[in-house]
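Here is the structure we will look at, set down as structure tokens.
All of the numbers you see were taken from the coordinates with simple rules; none came from a lab. Note that the coordinates shown come from a computational prediction; the quantities given were computed from them, not determined experimentally. All Cβ positions, even for glycine, are placed from backbone atoms using ideal geometry, and neighbour counts span all protein chains on display.
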Amino acid sequence: MHMDLITYCHPSVCRHHVQYSCLFSLLTACQDDTYGPDCRLSCKCQNGGVCNHFSGCQCPRGWRGQDCDRSDRAPQILALDANLEWNLNSSPKILCSATGNPLPSHNGIELRKLDSSVLQASRTTMDSNKSTALFEIPRLSAQQGGMWECRVSTNGGQDSHKFSVTIKEPPVPTTAPKLLEKRSKQLLVLPVDSHRGDGPIISTRLLYKPVENGDSWSSIIVYSDNEPITLMNLEPSTRYRVCVQLSRPGEGGEGEPGPEAEMETDCPEPAVQPEIDVSSVEGRNVTVRWRLPGNGGIAASGFLVRLFGPPPRSEKLLEETTLLNVLSTKFHNLEYQQDYTVVVRLINCGSQGPPSKPYHFRISSQGPSSPRNVQALPLSVSAVQVRWQPPEDPNGGIIKYIIEYQPVGQGSPHPWVDTDDGNKTAKDVTALNGSTVYQFRVRAFSKVPGEWSKFVQATTKGDGLQSLTPTTQGVAGRSVGDNYQLMVAVVGSVTVTCVTILLALLALFFIRKTLLNRRRTFTYQSGSGEETILQFNSGTLTLTRRPKPTPEPLTYPILEWEDIKFEDVIGEGNFGQVIKAMIKKDGNKMSAAIKMLKEFASENDHRDFAGELEVLCKLGQHPNIINLIGACENRGYLYIAIEFAPYGNLLDFLRKSRVLETDPAFAKEHGTASTLTSQQLLQFAVDVATGMHYLSDKQFIHRDLAARNVLVGDNLVAKIADFGLSRGEEVYVKKTMGRLPVRWMAIESLNYSVYTTKSDVWSFGVLLWEIVSLGGTPYCGMTCAELYEKLPQGYRMEKPKNCDDEVYELMKQCWRDRPYERPPFSQISVQLNRMQEARKAYVNMALFENFTYAGIDATAEEA
């Protein structure tokens, strides 16, 4: 301190009291913006610097120099694309952001084209750590393509970033749109044949207006350039001007409209609805007649008559036109016992009027006449061969023969066997008792069962008793001598006595078992000589196939016949039907679907039906399978009660959702081809995959997985159903030929009749295709013979246009040649759940999709 005093106080004048005076002045603070020992130095601090009265400007971080005017950080341009693509004649906007200390100012950021002009920013936004300049380029010309540069300058330095600009020409059609089909209020137009300019094409706008009195253009936009477009709600017999405008990505990507075309709508649609009066039947030929209400003149050229097959598929079988003065038509060679529907409508030019009310009819038939010359020939202690000749009137073609047999004098039940086809005229009946008189009768089966033959009798061989000779219609042993007839009479008397005693015991036993445990036994014989016994015992099903040594008991919940109230038939096939019913179980009432077989169901149908109950018992409860409620036996018939699915099967549910076909106005208003969303469709697939994962864990093979065998329950939950062909085995080999779902079957199943869980995976891939196509028919247009040929060669169905690549890739994984390369259901379930959680539109429901399906009965195709 004293050294400072000596320095600043002159020694010649400095005294002790002067020294203290100098000290006092040094300790006094300088005024604002001054500093130094005599406060004569001035502070000129910038950029947030603070004046210190002893040392001058103290600079903040990032700045230095006497006045804090020198930056510590040069400017730096933030991310800017190296390549930009703009459309011709557009007015693009470019943002250039930079940081630095100091922040770049409005005039410090500029946009340069390297060969000429400089653009100043129209607006600059500055925040805490960067400056962003907005540049607006007026109408862009082709010459403005090339290299550009954003340059930033501050006191701290300079930075620049170069980028290239590509100018794209918006697409313009070079040809006029083409008319594909016209109706009274619709035009089907192919919008684009060729175009100039740059792609890709992201949308197509079809512009149209009447040639006369057309003030403004109407338009419809689709997101494709090669799909036909339907113009709807037009005026009949009116000419329209039609042109197309294409768009590519980016601002200003919409090109100029292309050449125009003139198109004319068809004649007005007839407004009158024909009324079908009556039909007359002549054998297998049916004549249908109709009339027109009223007497006024009708603007029409004729009638369009269509014949449809039975519901629910209602396949169109025949279509023909008649003149306006012809009010009837004749259908030839129809099938017996088949439901048909006829619809008639007026036509005018190419337009169709409203359809008549559907007219339903059926050709009744008594079936084939009785087989001729029936004979019974004993073969051994336990076998008799029955022979016959075909009936004189096959009445539509014979499918098979049924042989019913029983010991003479015994009441019901009547066991039976059937032939594999309708060409055989002999059948060995086995597993009979020795030295026993049996009676046999035969009938042919076409669409309906035919007449029974008369009974013939034969006695199985046994020790000490000679068998009867072959017998013919209604005659047993007429060529045998009197002694032999006496023996037969004695044996018959003894047999009648035994049978009477036996019947009394059986009656007592029947009463006892009805009161105690409701027991019933059904016996039928398979075509292979293997006997199957179904036994019901207080809610327990025992299913055995001789010669298996031990039965397999299965417990099922039993329903009382009195607790079932039948309502409406909701499904029907050749040999079975499903009826909605209200049942009472454990004191609660609930809706159920009751499955039952018809009277003339075959042996195989009975076996599959019992097998379905067996499968349902073993599977237990799961939210994605149709669960068993219970079973009931009444008067020798088995009834199976399962969950009721209010929305029916998935195939029909998908097809009914197609609003493009059922409600075009709704489709146009909402811009969708279906009432279902992508998420709902994907959820159906998730539900089925989850259910199949459960089945595969239980080591069950479904063998008939398809949309028609999946039911839609409450809250639109998909549930796997129809377990009639299911097998509880790791590998199943089918040993008989029959009707199979060819279009859903895996290669190994088609070629070798081998079924595994991996075969079900293949079928799931086809089912996934059905879901995406809203109930389309797989391999539509291809025959089964073509499938046998092309599938082993690597042919697979193409990706539906509305399907995401990831979903189609899952389908292809399911359709791999080698079964072991197909994913398990556990993996499929994980993949689909991941897609569902992604909330992405994996199925595109946009209007441009035009789904089609063929109404063929795939379940009836022979494998």
### Of K580/K719; K790/K840; K698/K719; K580/K656; K178/K812; K656/K719, pairs whose Cα-Cα distance is over 26 Å
K790/K840; K178/K812
### Query
Among the aspartates and glutamates, which fall within straight-line cross-link reach of K799, defined as a Cα-Cα distance under 14 Å, with same-chain neighbours fewer than 8 residues apart omitted?
E770, E809, E849
### Task
Would you kindly derive the ³J(HN,Hα) couplings of segment 638-646 from the backbone phi angles with the Karplus curve 6.51 cos²θ - 1.76 cosθ + 1.60 (θ = phi - 60°), listing them in order in whole Hz, with x for Gly and Pro?
9, 10, 10, 9, 10, 4, 8, 9, x
#### Entry: Kirkwood hydrodynamic radius (C-alpha pairs) into Stokes-Einstein, segment 172-264, 4 °C and 1.567 mPa s, D in µm²/s
98 µm²/s
### Query
What is the packing order of peptides 348-361, 709-722, 682-695, taking the mean over residues of other C-beta atoms within 10 Å and listing the highest first?
682-695, 709-722, 348-361
### Task
List the lysines whose Cα lies under 22 Å from the Cα of K162, skipping any in the same chain that are fewer than 8 positions away.
K93, K113, K130
## Note on the structure
log10 I(q)/I(0) for segment 328-422, Debye formula on C-alpha points only (no solvent), q = 0.18, 0.20 Å⁻¹, two decimals, reads -1.00, -1.12
### Query
Got a sec to turn the phi values of segment 575-581 into Karplus ³J(HN,Hα) couplings, 6.51 cos²θ - 1.76 cosθ + 1.60 with θ = phi - 60°, whole Hz, x for Gly and Pro?
10, x, 8, 10, 10, 6, 8
### Query
Out of every Cα-Cα pair in segment 561-643, what percent are more than 15 Å apart?
58 percent
### Task
Could you order peptides 630-640, 785-795 by the average number of other Cβ atoms within 10 Å of their residues, highest first?
630-640, 785-795
### Cross-link pairs K182/K316; K400/K461; K316/K758 - those with Cα-Cα distance over 26 Å
K400/K461; K316/K758
### Task
Name the lysines eligible as straight-distance cross-link partners of K185: C-alpha to C-alpha under 20 Å, and not fewer than 8 places from it in the same chain.
K209, K668
### Task
Would you mind computing, in nm to one decimal, how far apart the modelled labels at N833 and T322 are, each placed 7 Å from Cα along Cα→Cβ?
6.1 nm
### Query
Just how far, in whole angstrom, is segment 216-270 from segment 583-599 if you go by their alpha carbon centroids?
56 Å
### Residue-wise HN-Hα coupling along segment 397-403, computed from phi with Karplus coefficients 6.51, -1.76, 1.60 (Hz; x: Gly, Pro)
x, 8, 8, 6, 10, 10, 10
